[in-house]
């Protein structure tokens, strides 16, 4: 079994709630994930950053943060996918890197990375400055249509959440 296969298996176990087998799989693959996240090849790093989320390795959030700052759009995107997954149950994970997510959503040269940053912001606290940023992205005529739509949707969701508080 290779790392992507092990990560897919870990994701299945996590979704099924089999914490014991998931824990065993985490222990077995821990060193490999760590090593892959530090690999010189961006493709290997991207697999590792994605695997962190699939394994539900919350203790490796600092690696995810490093992935958000990676030079490779593929690695940044994979880290964002894992962060989005963590944020579903733990908004604090998203809140902890909010300034970095704002930067990625606003200025990343890769549109797919920008959309993934917007998607991750959905799971954070409904902070006013995030809503304003997303509304600005949604209204920018020179921005990708799909990115504008995603930003508008997330801004509306966060606005609704803030009113429900």
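The values are calculated or read from the model by the stated rules, or taken from the named source; none is laboratory data. Everything numeric here is computed off the predicted structure, so don't read it as measured data. Note: ideal-geometry Cβ built from the backbone for every residue, glycine included; neighbour counts use all protein chains shown.
So that you can scan it fast, the table gives a plain yes or no per residue for (1) in contact with a helix residue (DSSP H, G or I) (Cβ under 9 Å, 6 or more places away or on another chain); (2) modelled with pLDDT under 95:
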position	(1), (2)
82	yes, no
88	no, yes
99	no, no
102	yes, no
121	yes, no
124	yes, yes
*asked:* Only one of 155, 117, 151, 138 is modelled with pLDDT of 95 or more, closer than 24 Å to residue 72 by Cα and more than 12 Å from the chain's Cα centre (by Cα). Can you tell me which?
replied: 151
*Residues being part of a helix (DSSP H, G or I) and loosely packed, with under 13 Cβ neighbours inside 10 Å: count how many of those fall in the range 147-165.*
3
*Counting residues that are within 25 Å of residue 39 (Cβ to Cβ), which helices (runs of 4 or more DSSP H) fully inside the range 64-142 reach at least 1?*
73-89, 91-95, 98-107, 111-121
_Selected residue (only one of 47, 97 is surrounded by 18 or more Cβ atoms within 10 Å (Cβ to Cβ) and more than 30 Å from residue 141 (Cβ to Cβ))_ = 47
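Please work out if residue 24 is in contact (Cβ under 8 Å) with a residue 40 or more places away in the chain and more than 22 Å from residue 97 (Cα to Cα). First the steps, then the outcome.
Details: in contact (Cβ under 8 Å) with a residue 40 or more places away in the chain: no; more than 22 Å from residue 97 (Cα to Cα): yes.
For residue 24, the condition - in contact (Cβ under 8 Å) with a residue 40 or more places away in the chain and more than 22 Å from residue 97 (Cα to Cα) - is not met.
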*Given (1) more than 13 Å from the chain's Cα centre (by Cα); (2) more than 23 Å from residue 150 (Cα to Cα); (3) modelled with pLDDT of 95 or more, where does residue 30 come up short, assuming only one miss?*
(3)
